[in-house]
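Here the structure is laid out as structure tokens; the discussion comes afterwards.
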């Protein structure tokens, strides 16, 4: 039998409410088995997926208009109109051809970038837990249907509108929907708004189950999303580059006005010089730069995805390259995240647990003797209590999963695994002692309590939590001597790197009273859980330090546990350097260089991030829990775990680690530096060429070259050099030493760190080669304007080849192909009659072609030599 069909009717507020249809059973009769897989598939096919309405992409004509509205393209259009009005059809044809090519390339780049970003968004699609066929399953949120029985837990984002049918201390943050900052209690019931939850809200505390009543566009969030049509804003890098473009355009306008005045003064036709000046402005500034940057960022994001780093927000690609501090939690990030219970301590003795991972295989020993359930009452009682006060579950191997899979908190699953090794069955125990109440764990109380009904009608309260939260006189009724002895043993275990929990319980009769159930308990013992460091963690920390990225550990664990892990991984040299956030001000200590923070609350994590940023650091923060959400949002780069992270953490993050490996953050930072370096490489190449073109036109008349280049020739060079070769430079591999250099300063401009000087140096060489060829050709009565045109284009292509990140290798074969294609086009402009007519060129002799091409290789030598000079200067500046 499946969940009855529900009719959805909006109430007065417009929010859909469930109501029983004709012949439908009441919600109270809902079976725990949920929908069947077959029924869910039928409903999904009938109603469609649980997805919000996507913003429709703009039509082709809008994309074209957007390209044509670029200020520099408008200048080109004005030039085309002017040439047509003066019957200069040759120049008009070239200008219009350039406009068509630039517009086509821009539209194609825009579409490719959107597709790449859409593919990345699909990789971060959220999942949800439901009950189907009587089993708890995790399914894509897009596959949810009306009638599904949804399982909610702390940290989940509610994936669809639903009616709560079971709740335990369920508290929902509805700020995303209503704007109200205070969370709302949700109780199970047949009627009332208090029993409804909406898509997009967040489970702050507790757990529950709810029947889905509306999905996708029909949900409350879907109706809001349908009203949102705002296009995505430009990235910060795009805005900075647009500012640089405006600055360059202004400078180019001034210089080109000088060219115009000089040409008219020397007797050149006014019409020709106006077109020439306009052409120089367009050629000097790479008008396709914003589109190239967007595509570079999108391709960088795709490369990060191949390295298991999924970018959720495109600007994060840029910011990753300048990260100076990597703030990380401990469990599952620096450590394996597979918690294994190793030590049991009770007031009467200790026991050791063998085995690894979550497979319930291994022995429990005391004094080298294997024990089973019932052999040691104190151990059996401790593990039974740990199973009762537990929300985790353990799934056996099956289907595509060859391993035992933890469901829920890894620490709780470790307790279940140890109990199974002793022979305690979770389902049997929960059936015999059903849970009738609970006080969920939260990061402030640091403990969890559950209440169970015993067969004789009495109740049992079981409490587990951090030792400092349980080993308190207001919680335990044990003698002070026993509490002190347990606290000392907990500290010793924590100093050895264990995560320690204390477990206590008490039985109550109706006559016990109405006091807090977390009072008067009896200590059962301590459990020591080990989460060993990942094999790659030490190398990752070392790689961060080599790259100038400071690792900072922020955890809610015991100071001794945090210190032991931090020392082992090389984050700090002495375990005494740990900041205990219970007794010290973490924000103040963070500003003074502290690197390890223990027992940090969510508010303190935010304070640490704020202090680091106030000190001028660019902070990447990793996290996986709902309590990490504020810090992830506050950091410059929020990094969430993809496998074990909560949905709140993933949605608050800019970067999701698909493999939960911290080393992936370092790989992503390397990719970010690669993207930023390639953008600067493109700027060096494009702007040095533009500067050379202006210099040639300015200096030409003073050395006897009245008009060194025609407008059509300038546009042609701009087209072939900024087209395929410029794009290919964006695919250059990473510099071999990029992760051995410190991160760029956050205040550094895109043209900073010596790039302005490099542009001028390289541009001067390109201009000198071009003018030198022109002077030689003019003096020897050769077609000097054609050879000047050839020298300028080929020298710029030589600069492109010399700009490679890894010269002497076969890396980035696309650049060779692009330069080869551009060279063929340049030669076609010399030898094909139709292009000769358009460009005003003549076919040079083969010997002249060889001479000019050989001289143009100076562009390659110039960029390589300039790189050595720049690297030497950079190394000198980085020395103390």
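Output the residues belonging to the stretch 514-543 that are within 30 Å of residue 734 (Cα to Cα) and either touching a residue at least 12 places away in the same chain (Cβ under 8 Å) or surrounded by 15 or more Cβ atoms within 10 Å (Cβ to Cβ) (or both).
533, 534, 536, 537, 538, 539, 540, 541, 542, 543, listed by residue number.
Given the structure, is residue 357 over 36 Å from the mean Cα position of the chain (by Cα) and more than 29 Å from residue 671 (Cα to Cα)?
no
Looking at the stretch 635-652 only, could you name the residues that are at pLDDT below 85 and either over 15 Å from residue 664 (Cα atoms) or within 12 Å of the chain's Cα centre (by Cα) (or both)?
640, 641, 642, 644, 645, 646, 647, 648, 649, 650, 651, 652
Hey, among 528, 562, which residue is touching a strand residue (DSSP E or B) at 6+ places or on another chain (Cβ under 6 Å) and not in a helix (DSSP H, G or I)?
Selected residue: 528, the only one of 528, 562 that is touching a strand residue (DSSP E or B) at 6+ places or on another chain (Cβ under 6 Å) and not in a helix (DSSP H, G or I).
Considering only residues that are in contact with a helix residue (DSSP H, G or I) (Cβ under 8 Å, 6 or more places away or on another chain), buried (at least 18 other Cβ atoms within 10 Å of the Cβ) and within 19 Å of residue 661 (Cβ to Cβ), which ones fall in the stretch 544-585?
544, 547, 549, 551, 552, 553, 554, 555, 566, 569, 571
Have a look at 310, 323, 317 and point out the one that is in contact with a helix residue (DSSP H, G or I) (Cβ under 8 Å, 6 or more places away or on another chain), part of a strand (DSSP E or B), in contact (Cβ under 8 Å) with a residue 60 or more places away in the chain and over 21 Å from residue 446 (Cα atoms).
It is 310.
Taking the criterion of being more than 16 Å from residue 718 (Cβ to Cβ), assigned to a helix (DSSP H, G or I) and within 49 Å of the chain's Cα centre (by Cα), would at least one residue in the stretch 782-798 satisfy it?
Looking for residues that are more than 16 Å from residue 718 (Cβ to Cβ), assigned to a helix (DSSP H, G or I) and within 49 Å of the chain's Cα centre (by Cα), one finds at least one in the stretch 782-798, hence yes.
For the stretch 844-858, indicate whether the set of residues that are under 40 Å from the mean Cα position of the chain (by Cα) and either surrounded by 21 or more Cβ atoms within 10 Å (Cβ to Cβ) or not assigned by TED's automatic domain parsing to the domain that holds residue 711 (or both) is non-empty.
The answer is no, given that none of the residues of the stretch 844-858 is under 40 Å from the mean Cα position of the chain (by Cα) and either surrounded by 21 or more Cβ atoms within 10 Å (Cβ to Cβ) or not assigned by TED's automatic domain parsing to the domain that holds residue 711 (or both).
Quick check on this structure: which one of 413, 379, 407 is in contact (Cβ under 8 Å) with a residue 24 or more places away in the chain and out of contact with any helix residue (DSSP H, G or I) (no Cβ under 8 Å at 6 or more places or on another chain)?
413
Among the residues of the stretch 498-519, write down those that are in contact with a strand residue (DSSP E or B) (Cβ under 7 Å, 6 or more places away or on another chain) and modelled with pLDDT under 90.
Answer for the stretch 498-519, where residues must be in contact with a strand residue (DSSP E or B) (Cβ under 7 Å, 6 or more places away or on another chain) and modelled with pLDDT under 90: 498, 499, 508, 517, 518.
The values are calculated or read from the model by the stated rules, or taken from the named source; none is laboratory data. Everything numeric here is computed off the predicted structure, so don't read it as measured data. In this analysis, Cβ positions are derived from the backbone assuming ideal geometry, glycine residues included, and neighbour counts consider all displayed protein chains.
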